[in-house]
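I have placed the structure first, in the form of structure tokens, so that the comments after it can refer back to it.
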Number of protein chains: 2
Amino acid sequence: MAALVKPRLVAVEEARRFMVECLVKSHTPLSHAQQQADLLVEADYRGHFSHGMNRLEMYINDLHKNACNGAAVPTILNETPATAWVDGNNGLGAVVGNFCMDLAIKKAKEVGVGWVCAKRSNHYGIAGHYTLHAMKQGCIGMSMTNTSPLASPTRSKDAALGTNPISVGAPAENGDGFVLDMATTAVAVGKIEIQRRKGEPVPHGWAQDPEGHPTTDANVAFDTGCLMPLGGTELTSGYKGYGLAAMVEVFCGIMAGSNYSTKVRKWTHAGADTEADLGQCFVAINPACFAPGFEGRMSDLNSILRNMPRTDESKPVLVAGDPERIHIKKVDEEGGLGYHENQIKTCTQLSERLGVKPIAFV
Amino acid sequence: MAALVKPRLVAVEEARRFMVECLVKSHTPLSHAQQQADLLVEADYRGHFSHGMNRLEMYINDLHKNACNGAAVPTILNETPATAWVDGNNGLGAVVGNFCMDLAIKKAKEVGVGWVCAKRSNHYGIAGHYTLHAMKQGCIGMSMTNTSPLASPTRSKDAALGTNPISVGAPAENGDGFVLDMATTAVAVGKIEIQRRKGEPVPHGWAQDPEGHPTTDANVAFDTGCLMPLGGTELTSGYKGYGLAAMVEVFCGIMAGSNYSTKVRKWTHAGADTEADLGQCFVAINPACFAPGFEGRMSDLNSILRNMPRTDESKPVLVAGDPERIHIKKVDEEGGLGYHENQIKTCTQLSERLGVKPIAFV
């Protein structure tokens, strides 16, 4: 039983060291490798293991196939005081994303808002990475990306949009905050994979069968690979989740002039043969331009929500970002990131393939 | 059976005339009355009857109780090239909203983006009204408002957030476009009311019972008045809908310094005794600042989505705004808006109470 295998603990700094070295051995300059590793290690630290070290091999494969250019530096194609249109030049997602969010923050500090769109980007990891960066600068951050088609529009038999995540982050007092980071599908593919491994059904509203009807069979759901939008079927307002996914596509692919919808390539573990040309959107807003005392009200809202009477006494009401805060505390207490045995195997293979010092355990 | 009563047809211009006159008889200057009537008649024209003439009496009652000031003109409290913080001065929702979106569009044309937040506003009708206005100016529009607490955070027994709608509109070629306008709850209260009248259950995931558990009993759902967020229960990712509702609150009440969350008053047909002090957010983005050819790509995306293979041949895949386009066509073909008998009764009462010429039928 996979669930019973105790995860191997790796110190956060050691996980970062290993990923930086793997990327450097894959045609990537140190500063870019560090940015990409920071992105991946942050995902693991926050408990989103699907988007952390788990993705390293895919990025490495893309770099070795020249589907992504680890050395590329983004360029600005058009700029106004509050906006910028950026060409990611097929660089690493973290490099493009950091460049864009830094630019958005600069503009937010100058004129109140910065709205930056990038074309020719690559998978940029957890959307929350960029909003967290804006929050550290006292800004409200927003970030979205299109992704490979995996989600079905309501009434459609096939996928036409990605999991198209949206993140919004806002700072509260004493380091607290609001950090929404969500796919616009009901769930990500990883959750279906977990049900399948456990041999359990998936809830109604997660995924479609090949005929376009909702399925509860985890194997069918996994093989079809067609996720339902947030809300599930039309009866439970799945068209709203579909509308949100399309909204993300409008702000990303349509606005940036990148690939969009069914034109986005598939992305596999083997790496891709073509450039992804993803579209992404980064927004920073300076709350000081609006009502004074933003962070105090943000803390008060968090407090109201966390103290709502519970349906089940054992389950506290959370605010967006709380599950990640709980995970970060756990990692700190345990002294490391708990990686699954399969992840460690992949790392061992990578270390041999790239000539990188194997990962050390706590 | 209410559903069998044929609706009475009223010409769009006549519905508008009636609403303008009722508002003028309620301490509201003509230009403000026209703006509010345009908002309400547009809701009916687009098929959102809950947000159109249906709301007239509530607005009238608020005006007569001085809970809302029909003559108030919004003022700018703070301004940067890309932002404005506005005091609605407790004016009509349409007046505050139009003022803010006009300002956002002006800024979008000057610096690429305009981001405007208003405090001390009132219910502003359909969120799509303001995004449609931005679209007519060639901009992408975004609009959000907080509302009276009616929705339960995931795991909470009680309501702490409103239906907190979000609208995003983007222009395509030849008058086509993308017009998302959705509550962040699974459904609005009106849909539960309809099931109750029909004596039918509500789907799982729409509403909670007094203990905080999902209910399918339409009477219980209606009496409890506690909607579930988009996504339904925690298992089907209702926490994402809850996160979106909280995001709207961050962009509205928290940013504008208005009432928020449980601090927002209830709103009833009898009218309110206190000022609503709602927070609202209006954003305009000039797509010309990004990749050239936005409207062409927007049309292409709409075309891809509308032509996806159907799960059910009789049900075409729609894009956000299509149900409204279908309704507008129906109204134009029939030559008028089809109002329910109860709505007409309310209008007759209003015409007698205010000394306004009764509504005429087609």
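The values are calculated or read from the model by the stated rules, or taken from the named source; none is laboratory data. Because the structure is predicted, anything quoted here is derived from the model rather than measured. A quick note on method: Cβ atoms are made from the backbone with ideal geometry, for glycine too, and the neighbour counts reach across all protein chains shown. Ligands, DNA and RNA are excluded from the accessible area calculation, which covers all protein heavy atoms including side chains. Shrake-Rupley method; radii C 1.70, N 1.55, O 1.52, S 1.80 Å.
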Provide a single number: the residues in the stretch A:350-362 that are in contact (Cβ under 8 Å) with a residue 60 or more places away in the chain and open to solvent by 90 Å² or more (accessible area, probe 1.4 Å). 2
Just to check your reading of the model, which residue among A:ARG306, A:ARG353 is in the same structural domain as A:ARG55 (by the TED database), more than 21 Å from the chain's Cα centre (by Cα) and of a type outside the set (A, V, I, L, M, F, W, C)? A:ARG353
So B:GLY296 passes all but one of these: (1) more than 14 Å from A:VAL250 (Cα to Cα); (2) more than 7 Å from chain A (Cβ to nearest Cβ); (3) surrounded by fewer than 18 Cβ atoms within 10 Å (Cβ to Cβ). Which condition number does it fail? (1)
Would you mind stating whether A:CYS289 is within 20 Å of B:ALA256 (Cα to Cα) and either surrounded by fewer than 17 Cβ atoms within 10 Å (Cβ to Cβ) or not aromatic (Phe, Trp, Tyr) (or both)? yes
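Table: residues versus (1) in contact (Cβ under 8 Å) with a residue 60 or more places away in the chain; (2) touching a helix residue (DSSP H, G or I) at 6+ places or on another chain (Cβ under 7 Å); (3) within 21 Å of B:THR348 (Cβ to Cβ); (4) not polar (S, T, N, Q).
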residue: B:LEU9; (1), (2), (3), (4): yes, yes, yes, yes
residue: B:VAL20; (1), (2), (3), (4): no, yes, yes, yes
residue: B:GLU42; (1), (2), (3), (4): yes, yes, no, yes
residue: B:ARG46; (1), (2), (3), (4): yes, yes, no, yes
residue: B:SER50; (1), (2), (3), (4): yes, yes, yes, no
residue: B:HIS64; (1), (2), (3), (4): yes, no, yes, yes
residue: B:THR80; (1), (2), (3), (4): no, yes, no, no
residue: B:ASN89; (1), (2), (3), (4): no, no, no, no
residue: B:GLY97; (1), (2), (3), (4): yes, yes, no, yes
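Return the residue satisfying two criteria in turn: it lies in the stretch A:98-133 and is polar (S, T, N, Q) and in contact with a strand residue (DSSP E or B) (Cβ under 9 Å, 6 or more places away or on another chain), and of such residues it is farthest from A:VAL250 (Cα to Cα).
Per the stated criteria, the residue is A:THR131.
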Given B:ASN307, B:ASN342, which one is polar (S, T, N, Q) and either within 7 Å of another protein chain (Cβ to nearest Cβ) or surrounded by 12 or more Cβ atoms within 10 Å (Cβ to Cβ) (or both)? B:ASN307
From A:VAL202, A:VAL189, residue being in contact (Cβ under 8 Å) with a residue 12 or more places away in the chain, away from chain B (no Cβ under 12 Å), more than 27 Å from A:LEU301 (Cα to Cα) and not small (Gly, Ala, Ser): A:VAL189
Being more than 13 Å from chain A (Cβ to nearest Cβ), touching a strand residue (DSSP E or B) at 6+ places or on another chain (Cβ under 7 Å) and of a type outside the set (S, T, N, Q) is the filter here, so list the residues in the stretch B:135-156 that pass it. B:GLY138, B:LEU150
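Among the residues of the stretch A:197-230, how many are of a type in the set (Asp, Glu) and crowded, with 17+ Cβ neighbours inside 10 Å? Break it down stepwise before answering.
So in the stretch A:197-230, the residues of a type in the set (Asp, Glu) come out as A:200, A:209, A:211, A:217, A:223.
Remaining after also requiring crowded, with 17+ Cβ neighbours inside 10 Å: A:209.
Number of matching residues: 1.
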Flagged in the stretch B:275-293 as in a loop (DSSP other than H, G, I, E, B), at negative phi and facing chain A (nearest Cβ under 9 Å), in numbering order, are B:ASN286, B:PHE290, B:ALA291, B:PRO292
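Answer with yes or no whether A:LEU30 is closer than 15 Å to A:PHE99 by Cβ and hydrophobic (A, V, I, L, M, F, W, C). So that I can check it myself, show each step before the final result.
Details: closer than 15 Å to A:PHE99 by Cβ: no; hydrophobic (A, V, I, L, M, F, W, C): yes.
Spelling it out, it is not the case that A:LEU30 is closer than 15 Å to A:PHE99 by Cβ and hydrophobic (A, V, I, L, M, F, W, C).
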Enumeration of residues in the stretch A:136-182 that are of a type in the set (Val, Ile, Thr), in contact with a Gly (Cβ under 7 Å, 6 or more places away or on another chain) and more than 20 Å from A:GLY114 (Cβ to Cβ): A:THR147, A:THR154
Of the residues A:ALA320, A:ALA246, A:ALA256, A:ALA272, only one is within 24 Å of the chain's Cα centre (by Cα), under 18 Å from A:GLY88 (Cα atoms) and within 10 Å of chain B (Cβ to nearest Cβ); which? A:ALA256
Filter the stretch B:213-239 down to the residues that are within 19 Å of B:SER148 (Cβ to Cβ) and not in a helix (DSSP H, G or I), then identify the one that is nearest to the other protein chains (Cβ to nearest Cβ). B:LEU230
Could we say that B:LYS119 is of a type in the set (D, E, K, R) and in a strand (DSSP E or B) here? yes
